[in-house]
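Visitor: Can you read through this structure? Questions will come right after.
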Amino acid sequence: MTTSESTPQRFYWRGLPVPFIAPWSVERLPSYDVIETCGPDGSRGIGYADELPLDRRRGVLWMRRGVKRGAGTPDLASVHPLRQRQAMSHLLCQVCGKSTFDADYTRWGKRHLVIARDVSGRPIEEGELTGSPPVCRPCAVESVRACPHLRKGHVSALVERIEPWGVAGILYRPTAFYPLPAPPAYSLSKVAFTNPQIGWTLAARDLATLHGCTPIDLDELAA
């Protein structure tokens, strides 16, 4: 079992499927204090004043958020930090939350299906960086028909490997200890695990690189 639920419940909102990784209004952001810390090796970084072991993964501090999926109204334009991380770590379908190591994965030669919004038609490229977990075939077909953003344009590929790269999050300035401005084109800064600034990053998304990419037509794949 890859998550706390062997078969996650499906939720719909106004006739549209609510992605597993979408946050709900009751899942509020708790208040917390971010402080400067010093690790066992003497490295400086950030932490919570009341930090718990579950607040970190791979040594990186993660943004806290309430967990009560299905309660209230969904925010379809946002991402729940914990569920996105679960989906990326265990390669769960970002829509239904089930494992993508399924019969289609085997039939496709042990490859995962990845979809990206794109109106230009540029194919998913080798080594491409993404924060979007894979999608199972039934959810992919349903999503491109139901999601207004995907209907405007999307590309898809079968991917052999999805490898951890880093995180997207809020980057703090070590010298003055306040958040750095994110790059203009993004709401969050992208920081690799190998970057020394990773210790000063409050993570909100897991990021990975895609390898062994074969662009495909989703309609043909579904048929």
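The values are calculated or read from the model by the stated rules, or taken from the named source; none is laboratory data. Owing to the predicted nature of the structure, the values given are computational and were not obtained by experimental measurement. A quick note on method: Cβ atoms are made from the backbone with ideal geometry, for glycine too, and the neighbour counts reach across all protein chains shown.
Visitor: Take the residues in region 64-83 that are among the aliphatic types (A, V, I, L, M) and part of a loop (DSSP other than H, G, I, E, B), then tell me which one is nearest to residue 202 (Cα to Cα). Steps first, please.
Guide: Step one: list which residues in region 64-83 are among the aliphatic types (A, V, I, L, M), which gives 67, 71, 76-77, 79, 82.
Now drop any that are not part of a loop (DSSP other than H, G, I, E, B), which leaves 67, 71, 76-77, 79.
Working: 67: 18, 71: 26, 76: 22, 77: 20, 79: 15 Å.
Only one residue tops the list, namely 79.
Visitor: Now for a separate question. Give the residue, chosen from 58, 65, 83, that is at pLDDT 95 or above, in contact with a Pro (Cβ under 9 Å, 6 or more places away or on another chain) and charged (D, E, K, R).
Guide: On the way: 58 fails: at pLDDT 95 or above; 65 fails: at pLDDT 95 or above.
The unique qualifying residue is 83.
Visitor: Could you figure out which of (1) farther than 17 Å from residue 63 by Cα; (2) touching a helix residue (DSSP H, G or I) at 6+ places or on another chain (Cβ under 6 Å); (3) crowded, with 19+ Cβ neighbours inside 10 Å isn't true of residue 139?
Guide: Here residue 139 meets the rest and fails (2).
Visitor: Now for a separate question. Can you tell which of 114, 144 is over 23 Å from residue 197 (Cα atoms), in contact (Cβ under 8 Å) with a residue 60 or more places away in the chain and part of a strand (DSSP E or B)? Before the answer, list the steps.
Guide: On the way: 144 fails: part of a strand (DSSP E or B).
After applying the criteria, what remains is 114.
Visitor: For region 168-207, enumerate the residues that are closer than 13 Å to residue 57 by Cα and in a loop (DSSP other than H, G, I, E, B).
Guide: Residue satisfying the conditions is 193 alone.
Visitor: Can you tell me which residues in region 122-157 are modelled with pLDDT of 80 or more and of a type in the set (Gly, Ala, Ser)?
Guide: Result: 127, 131, 132, 140, 143, 156, 157.
Visitor: Might you let me know whether region 17-29 holds any residue that is among the hydrophobic types (A, V, I, L, M, F, W, C), within 21 Å of residue 191 (Cβ to Cβ), part of a loop (DSSP other than H, G, I, E, B) and without any contact (Cβ under 8 Å) to a residue 40 or more places away in the chain? Steps first, please.
Guide: Quick first cut of region 17-29, residues among the hydrophobic types (A, V, I, L, M, F, W, C) only: 18, 20-22, 24, 26, 29.
Imposing the further condition that a residue be within 21 Å of residue 191 (Cβ to Cβ) reduces the set to 21, 29.
Filter once more, so that each one left must be part of a loop (DSSP other than H, G, I, E, B): 21, 29.
Of the ones still in play, those that are also without any contact (Cβ under 8 Å) to a residue 40 or more places away in the chain are 29.
The answer is yes; a qualifying residue exists.
Visitor: Which ones in region 55-92 are among the hydrophobic types (A, V, I, L, M, F, W, C) and touching a strand residue (DSSP E or B) at 6+ places or on another chain (Cβ under 9 Å)?
Guide: Hits for region 55-92 are 60, 61, 62, 63, 71, 76, 79, 82, 87, 88, 91, 92.
Visitor: Scanning region 74-118 for residues that are among the polar types (S, T, N, Q) and within 10 Å of residue 23 (Cβ to Cβ), which turns out surrounded by the fewest Cβ atoms within 10 Å (Cβ to Cβ)? Step through it out loud before you land on a result.
Guide: First, pick out the residues of region 74-118 that are among the polar types (S, T, N, Q): 78, 84, 86, 89, 94, 99-100, 106.
With the extra rule that they be within 10 Å of residue 23 (Cβ to Cβ), the set shrinks to 78, 84.
Details: 78: 14, 84: 25.
Out of the qualifying residues, it is 78.
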